[in-house]
Amino acid sequence: MSFTVEPQIADAVRSAADRVRSELGEEAGSFVEAALLRTLTDTITLAEDGTAFVITGDIPAMWLRDSTTQMFPYLRLAADCEPLTDLLTAVVRRQLRMIAHDPYANSANLGPTGAHHDANDLCQDPMIWEQKYEVDSLAFPIIFGHRLLRITGRGDLFDGLAHGVLRTIVNQWRLETEHEERSQYRFVRDIGIPTETLDRDGLGSPLGVTGMTWSGFRPSDDACTFGYNVPANLQAAQALMAIADVALSVYGDEALAADADALRTSILEGVAAHGVVEHEGSRIYAYEVDGLGGQLLMDDANMPSLLSLPLDAPDVLDPELADATRAFCLGMANPYRYSGTVATGIGSPHTPEQYVWPIAFAVEGLTGTPERGREIIRLLLATDGGTDRMHESFHVDDPERFTRPWFSWADAMFCELALHLTDGPAPARSFAERAEVSGQER
């Protein structure tokens, strides 16, 4: 059944929107209120098992990544709103069940309907919408669930099923550090679009062993050019910190914690050895590498991106590298940085040339100065194409030319930026902040 917004949740949303109105103006506050209520009423279905299924907006499937990012703004309100905490817990429980069912799938159906993005895909599981393997699909729910635990104290989220899922994730990421030799995963989609399938009969492009974990696809759902996506690996390292913390503090599982810590070290050493490159006199993070010398210098609008690493992997970054990488991402050396008469921003190979993404603008604001953040709020409100919604992307010369009429993730990122400018940084994002919130030290 569809989710019904309880009065306490509605009050929390309206109170947050009123704070935005006071700080950023009526238009921004009204957008935040409408977007937060719309996501609750129009994307969420309560399943019979008590979990919450979240569609992306205009696609009737639940993505592990998107359903996490769509919930970001509500995490700020959860500590003082128990019904909202119940809902966020139900979302994460659904995500954990999805991972337990198929840890290689990025998106799923509400039930075994047999609906698929492409009916000819190798995966014919009726529960699975699409089985594109993306490292971030496993990282996002774990990081979010850990933050929810530390902010609200809701330890019941991490039950026996969750314990098994944490072990599954560590084992899978470890196995995929030797993808060529050990992985049984394959993905083939024969529709004539290179970014929709993997080379070598679904195995992917050649790569060497580096200590990093392999990903078939990017957060954009496009195939990786080189199999080690650096932002996803750094986010995985952050998630492994969360897994180790939960393993010890909730389950007392020292073996799982040790395995998570060891894999995190392996990934970070691999990034340092293979994922850091020279560019115009500076050392920066590459977007993708293959361990054989192949390097891809770019950034994509989707999270995790190189630009979003301070949000997605705050405890594992090299600050000097992150600063230099940010300059690259926001400069025209980034091949997906587009400039026009209306906007200059970051796009994606997933969308047409000269189309920029509100998600990337929001990330820029969340990781930049308050002054730049306010500029971005004004820009996004002026480039919604007259629809009162954020879109996947819009043309740099004409915001009425956009992709996807309703992309809930983009709505959420606008709200997150507005609340960030109004209330300050999101709670418990880094481990130092988590310790402060929970009164615990790791």
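Side notes on the structure shown:
- The residues neighbouring A237, those whose beta-carbon lies less than 11 Å from its own, together hold a net charge of -3 under the Lys/Arg +1, Asp/Glu -1 convention.
- Segment 290-442 - Kirkwood radius from inverse mean 1/r over Cα pairs (Å): 16.3 Å
- Extent along principal axes [Cα atoms of the chain; Å; largest to smallest]: 56, 51, 46
- Net charge over other residues, Cβ less than 15 angstrom from the Cβ of W214 (K, R count +1; D, E count -1): -3
- Estimated Rh, segment 168-222: Kirkwood, alpha-carbon pairs, angstrom: 11.9 Å
- Taking D299, D290, D49 as the candidate residues, the one with maximal mean-square fluctuation in a Gaussian network model of the chain, Cα springs under 10 Å, is D49.
- Relative contact order [Cα under 8 Å, 6+ residues apart], segment 92-245, whole percent: 24 percent
- Peptide packing for 250-262, 32-44 was compared via the average number of neighbouring C-beta atoms within 10 Å per residue; ordered from the highest value, the list is 32-44, 250-262.
- Convex hull volume of the C-alpha atoms in segment 122-170, normalised per residue: 104 Å³.
- Estimated from helices alone, the mean residue ellipticity of the chain at 222 nm is -14500 deg cm²/dmol (sum of -39500 (n - 2.57) over DSSP H runs with n ≥ 4, per residue).
- Cα centroid separation - segment 204-218 against segment 128-192, whole Å: 16 Å
- For segment 253-332, alpha-carbon Rg relative to the globular expectation (2.2 N^0.38 Å, N residues): 1.19
- Accessible surface of the chain [probe 1.4 Å, protein heavy atoms]: carbon and sulfur percent: 49 percent
- Segment 177-264 - Kirkwood radius from inverse mean 1/r over Cα pairs (Å): 14.4 Å
- Against the criterion of solvent-accessible heavy-atom surface with a 1.4 angstrom probe, T51, T225 sort, most first, into T225, T51.
- Net charge, I44 excluded, C-beta distance under 14 Å - Lys, Arg +1, Asp, Glu -1: -2
The values are calculated or read from the model by the stated rules, or taken from the named source; none is laboratory data. If you're wondering where the values come from, they're calculated on a predicted model, not measured in any experiment. For neighbour counting, all protein chains shown are included, and Cβ atoms are generated from backbone atoms with ideal geometry for every residue, glycine included. These area figures cover heavy atoms from the full protein model, side chains too; ligands, DNA and RNA do not enter into them. Shrake-Rupley method; radii C 1.70, N 1.55, O 1.52, S 1.80 Å.
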